[in-house]
Amino acid sequence: MADRVTVIGWDGSPLTAAARSALGAATLVAGAGHHLALPEVPGRAERIRLGSVSLAARRIAAHRGTAVVLADGDPGFFGVVRTLRAREFGLEVEVVPAVSSVAQAFARAGMPWDDAQVVVAHRRTLRRAVNVCRAHPKVAVLTSPGAGPAELGLLLEGVHRTFVICEELGTDREQVTVVTSDKAADHTWRDPNVVIVIGGTTAPSDETAWLAGGAPSAGVRGWALRAAEYGGGLGEGETEPLRAAQLARTGPRVGDLVWDIGCGSGAFTAEAARFGAAVIAVDRDPDACARTLATARRFGVQPQIVHGTAPHILEDLPEPDVVRIGGGGAAVVSAVADRRPERIVTHAATRDAAELIGRDLTEHGYRVECSLLQSVELDTRAWTEKERTVGFLLSGELPRNP
């Protein structure tokens, strides 16, 4: 095992005395091509071009001598330190940090970033990174080849955002470009780059900033809120108990894309979005779309609202993680199940309708649960019954691969 491992962050500025001292004593240096070309890298040291950090960590673990790893920005922020310290390699490291590329990007843009979401996009996480950009008004995306500004722009089709694209920060080739998301695919961008994605609304709040990334549910406390919070007039599938059960079954979270089909007043749309998920709200009624937009603005969330009739309107929508179906019956359920989201929830007014939907979900490979929900609202002044609602809640979940 290496006698000493030092990780040095580099942001384009001159190396510190501690960094120069560590490099001067190094017998092995790992880094990208532009790191290995630095004049401070000793000519006698073994050099490793840093592609796979795991492979480099194995080489370092087997090395007898003093190792240095060079990385862009702060290596402890979505950087190499996490991999080097993994239990399988057993490396203890010293870190000489630099300004992170995210901090540099926001500095170039002249913007605060304590309220920004920060995500890493590569081929496996690109879709989830895009969903965060759909759901939040300020996001920094650490990109990678094949998951860069062009791909982000293409996957954000139908959602307007502004991109601040910061290429090769800290080098003499540094460039900052501002484009709209629909134009990002018209250019070729140099790696490495950071994309600041801006747009949409912010949740109303009187609080001063105190939590990095922003408070996820600023404003009204709670969920499955009363009808009065949405201006009243909720539909049959939007009652508080049913909505609470639907939210519990779908479990919307940051990085998810939720479809809300038959969005009605927008109550479920707003509450799923307040959990941090991206939401596409669909309804054939233009008045329902207008109510959903008003609800979204009130709660400071930013769903994409699509006017059209399911199932046909669903064909061109991006793949969902979870779906709530507020209307459309078995035909819509079947079309949604064909898209294979992790979870589907819907409701039925009768047992026969519930059985038909349940069979369809089962045939599509979903594990189905059905509950009869009954709620009774009491007038607490006289403790008399005011309203009673009864309905069947159906949920389908795809079995996880073992």
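Annotation: F78 fulfils all but one of (1) in contact with a helix residue (DSSP H, G or I) (Cβ under 6 Å, 6 or more places away or on another chain); (2) in a loop (DSSP other than H, G, I, E, B); the unmet one is (1).
Within region 33-58, restricting attention to residues that are aliphatic (A, V, I, L, M) and in a loop (DSSP other than H, G, I, E, B), the residue that is surrounded by the fewest Cβ atoms within 10 Å (Cβ to Cβ) is A37. Residue count for region 315-347 under the criterion of being of a type in the set (S, T, Y) and either open to solvent by 20 Å² or more (accessible area, probe 1.4 Å) or in contact with a Lys or Arg (Cβ under 6 Å, 6 or more places away or on another chain) (or both): the result is 1. When region 126-152 is limited to residues that are among the polar types (S, T, N, Q) and closer than 16 Å to F77 by Cβ, the one that is surrounded by the most Cβ atoms within 10 Å (Cβ to Cβ) turns out to be T143.
Condition check ((1) at pLDDT 95 or above; (2) within 23 Å of R173 (Cα to Cα)) across all residues:
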| site | (1), (2) |
| --- | --- |
| A2 | no, no |
| T27 | yes, no |
| A62 | no, no |
| L91 | no, no |
| A107 | yes, yes |
| M111 | yes, yes |
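Taken together, T350, T389 contain a single residue that is open to solvent by less than 60 Å² (accessible area, probe 1.4 Å), touching a residue at least 12 places away in the same chain (Cβ under 8 Å) and over 27 Å from V254 (Cβ atoms), which is T389. Criterion applied to D283, D287 was being crowded, with 23+ Cβ neighbours inside 10 Å, of a type in the set (D, E), more than 23 Å from the chain's Cα centre (by Cα) and over 26 Å from Q374 (Cβ atoms), and the one residue passing it is D283.
Out of A2, A30, A105, A98, I need the residue that is assigned to a helix (DSSP H, G or I) and not charged (D, E, K, R). Which one?
Values: A2 fails: assigned to a helix (DSSP H, G or I); A30 fails: assigned to a helix (DSSP H, G or I); A98 fails: assigned to a helix (DSSP H, G or I).
Testing whether each residue is assigned to a helix (DSSP H, G or I) and not charged (D, E, K, R) leaves just A105.
On the stretch given as region 238-257, residues that are in contact with a strand residue (DSSP E or B) (Cβ under 7 Å, 6 or more places away or on another chain) and either farther than 19 Å from P303 by Cα or among the aromatic types (F, W, Y) (or both) total 5. For region 353-367, enumerate the residues that are open to solvent by less than 50 Å² (accessible area, probe 1.4 Å), closer than 13 Å to L398 by Cβ and either assigned to a strand (DSSP E or B) or aliphatic (A, V, I, L, M) (or both). Across region 353-367, the qualifying residue is only L361. Those residues that are of a type in the set (A, V, I, L, M, F, W, C) and open to solvent by 30 Å² or more (accessible area, probe 1.4 Å), I need them from region 1-31; list them, please. Those that are of a type in the set (A, V, I, L, M, F, W, C) and open to solvent by 30 Å² or more (accessible area, probe 1.4 Å): M1, W10, A17, A18, A25.
In region 155-175, what count of residues is obtained for those that are under 22 Å from R124 (Cα atoms), open to solvent by less than 60 Å² (accessible area, probe 1.4 Å) and either free of Cβ contacts under 8 Å to residues at least 24 places away in the same chain or among the aliphatic types (A, V, I, L, M) (or both)? Residues in region 155-175 being under 22 Å from R124 (Cα atoms), open to solvent by less than 60 Å² (accessible area, probe 1.4 Å) and either free of Cβ contacts under 8 Å to residues at least 24 places away in the same chain or among the aliphatic types (A, V, I, L, M) (or both): 3 in total.
The values are calculated or read from the model by the stated rules, or taken from the named source; none is laboratory data. Predicted model only: the values in this text are computed from it and were never measured. So basically every Cβ, Gly included, is an ideal-geometry build from the backbone, and we count neighbours across all protein chains shown. With ligands, DNA and RNA removed, areas are computed over all heavy atoms of the protein, side chains included. Shrake-Rupley method; radii C 1.70, N 1.55, O 1.52, S 1.80 Å.
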